[in-house]
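Shown next, in structure tokens, is the structure this report addresses.
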Amino acid sequence: MENKITQIRVDGRQTGVIGLEYAIRNIVEWARGKSDEEIIAELLSRVEKRNYIPSKIKDAYGRALLREYKKFIGEKVEEEPLAGLQVVILGPGCAQCSSLEARVRDVMAEMNLAGDMTHVEDAKEIGRYGVMGTPALVINGKIVAVGSVPEKKKIQSWLEDAVKKMGQ
């Protein structure tokens, strides 16, 4: 549990944090009656032991850690909006899923396109997207393909559309 990696959004980007859940579980009692600033400082102190946190985004990291803490204790929090291109491959790790991931990676490289790519293999997590088949491709929160590995030209078209919408 101490080594578990949790994906959180920091400054609009998906970021893996080692030991976050462990750190949060271990400050719940201590944090009662403490200010948000004190909770942020404690979480940063614990998380920094296992993760590199660039100084220029330390404030954003602190806000993200506090948001995760508040979600853990059951408070309602507003999610931070995405920044940049976000690509998600949904699938249990089968040959088709791996093929889709490789194809999307190739297209992004050919387009010289930077973005965050995540491959979600957990069945419960896949279910949260509401797809009825795999592999599936999600670009900036929009499901664009389910149950097949689309041609490179189609993937390129979807990526171009997503980039255009981000520019608006």
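The values are calculated or read from the model by the stated rules, or taken from the named source; none is laboratory data. These figures come from a predicted structure and were not determined experimentally. We place every Cβ from the backbone using ideal geometry, glycine too, and count neighbours over all the protein chains shown.
For this structure, a couple of remarks:
- Residue match in region 91-99 (condition: assigned by TED's automatic domain parsing to the domain that holds P135, hydrophobic (A, V, I, L, M, F, W, C) and touching a strand residue (DSSP E or B) at 6+ places or on another chain (Cβ under 7 Å)): yes
- Consider region 95-118 and keep the residues that are in a loop (DSSP other than H, G, I, E, B) and in contact (Cβ under 8 Å) with a residue 12 or more places away in the chain. The one that is nearest to G133 (Cα to Cα) is G115.
- Checking each residue in region 13-24 for being surrounded by 15 or more Cβ atoms within 10 Å (Cβ to Cβ) and either under 10 Å from the mean Cα position of the chain (by Cα) or modelled with pLDDT under 85 (or both) picks out R13, Q14, T15.
- Some residue of region 89-112 being loosely packed, with under 11 Cβ neighbours inside 10 Å, within 30 Å of K164 (Cβ to Cβ) and among the small types (G, A, S): yes
- Count of region 146-167 residues, restricted to those that are among the hydrophobic types (A, V, I, L, M, F, W, C) and more than 23 Å from R13 (Cα to Cα), is 2.
- For region 120-146, a residue qualifies if it is closer than 13 Å to P92 by Cβ and either in contact (Cβ under 8 Å) with a residue 40 or more places away in the chain or acidic (D, E) (or both), and the qualifying residues are E121, D122, E125, V131, T134, P135, A136.
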